[in-house]
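Everything on this sheet refers to the single structure shown next.
The values are calculated or read from the model by the stated rules, or taken from the named source; none is laboratory data. The structure presented is a predicted model; accordingly, all values stated were derived computationally and were not measured. We place every Cβ from the backbone using ideal geometry, glycine too, and count neighbours over all the protein chains shown.
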DNA sequence: GCGCGATGTGACCAATGGGTCATATTCTGA
DNA sequence: TCAGAATATGACCCATTGGTCACATCGCGC
């Protein structure tokens, strides 16, 4: 619109790269990384198979890791943005995190292929035998955990939540979001658009923040 | 030792079947289902590849589902046994569940391949495009959730924990156990025997039962 | 329009691995 | 000891698929 920082060629190249990644994300999410074929990715992207290698010389694996980058970046960005907007300490801690959880659930419901990629492939590769990939995914998971650990630590410092290890708590919170999504939108039978972010966030927050024990305990 | 209900042939056949399943479990857990080859399974079991088909005519897939059966049976059995031994209502609810969580963590630490099979393959197939497999795994997950939902419902009926949906809470608890294990024994770098069941159970119980909010809230 | 570099393409290649089967070996009962 | 059943085996088959490349096409500058 305003300043053209990219030539037309660069823009088109970017758009084609985008189309390939989108096609690959859908395919990998549906069939799994091993079950997906480059032929199908190429077909969905409306390119010949050879073209994929012009954009991703590393082939199937390079495409997969490019997708991981984007998916994790999205989660880290959402987390960072959310908590930098919140004036921590001014709003009720419980509500701040409840709304965060709701946003995360919405984020993945709107991007189910992202979620499926994490469930199907990332979790498998973290425990895979290729140390390189395992390290990469471990690092990405840590990035997310760190982004969430900061506001948690802050709340702990203010004495609003129990002084546990913020990093571990962050992993637990992320795990609960994933767990809720796995539970709430199971069967890709198609009709599972029913998961309600608010309801899920309420449920998780009630347990994680208030505890299962009755108040009268 | 006492009554021979099985002939020698049947016992030996069972033992060979066992050897094949053990070899397959290790291989699948390490390489993943798709990444594992029947040649390697056969080699680890010290059989020729053809022999596998004498015991599992359905081939690779039949072996995988036989493993799923065993893994899920183990978890359901542990859960049922544990809660049938506990005189619910006589012991402190919090401690009963804390000890259960500790047992589950121990169970999987002692059987890491079982855990890896669930993480790597079950989670992938629940969302897979083969409805048959997805249904099967969904049902197995429900069995576990049901076994845990019963004592939870019982505690709710006694007013000891909040009256939420027991089934959903059961899924959440299972998810937290899995989440802790994923966090606590990452990198199969070999040195990860450090996860402490008691510590993990304390951590999970503190958050799930007492809540993150400080008591003075 | 012309020429050349950039880009697209799909037939092709080679490796892989699940599954089969003819043959060899072992076990059982008489 | 022997016949026949049960079992073990691994060479073989072939469908699949990631990756390659010679060639076709396109588009931009002149």
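Odds and ends about this structure:
- Only one entry in A:122, A:99 is in a helix (DSSP H, G or I), farther than 22 Å from residue B:125 by Cα and more than 10 Å from the chain's Cα centre (by Cα), namely A:99.
- Among the residues of region B:152-186, the ones that are in contact with a strand residue (DSSP E or B) (Cβ under 6 Å, 6 or more places away or on another chain) and more than 9 Å from chain A (Cβ to nearest Cβ) come to 1 in all.
- So residue A:92, is it touching a residue at least 60 places away in the same chain (Cβ under 8 Å), out of contact with any strand residue (DSSP E or B) (no Cβ under 9 Å at 6 or more places or on another chain) and more than 22 Å from residue B:123 (Cβ to Cβ): no
- Subset of region A:22-65 [part of a helix (DSSP H, G or I), in contact with a helix residue (DSSP H, G or I) (Cβ under 6 Å, 6 or more places away or on another chain), more than 9 Å from DNA strand C (Cβ to nearest atom) and farther than 25 Å from residue B:32 by Cα]: A:44
- Taken over region A:81-98, residues that are modelled with pLDDT of 95 or more and surrounded by fewer than 17 Cβ atoms within 10 Å (Cβ to Cβ) amount to 2.
- Among the residues of region B:109-117, some residue qualifies, meaning at least one is more than 16 Å from DNA strand C (Cβ to nearest atom) and free of Cβ contacts under 8 Å to residues at least 12 places away in the same chain.
- Within region A:34-63, considering residues that are within 14 Å of another protein chain (Cβ to nearest Cβ) and within 23 Å of the chain's Cα centre (by Cα), the one nearest to DNA strand D (Cβ to nearest atom): A:60
- Just one residue in the set A:128, A:74 is surrounded by 14 or more Cβ atoms within 10 Å (Cβ to Cβ), not in a helix (DSSP H, G or I) and not assigned by TED's automatic domain parsing to the domain that holds residue A:34; that residue is A:128.
- Residue A:68 meets the stated requirement of being away from chain B (no Cβ under 13 Å), more than 8 Å from DNA strand D (Cβ to nearest atom) and either exposed (fewer than 15 other Cβ atoms within 10 Å of the Cβ) or part of a helix (DSSP H, G or I) (or both).
- Selection within region A:1-21 - within 11 Å of DNA strand C (Cβ to nearest atom) and either in the same structural domain as residue A:123 (by TED's automatic domain parsing) or surrounded by 13 or more Cβ atoms within 10 Å (Cβ to Cβ) (or both): A:13, A:16, A:17, A:19, A:20
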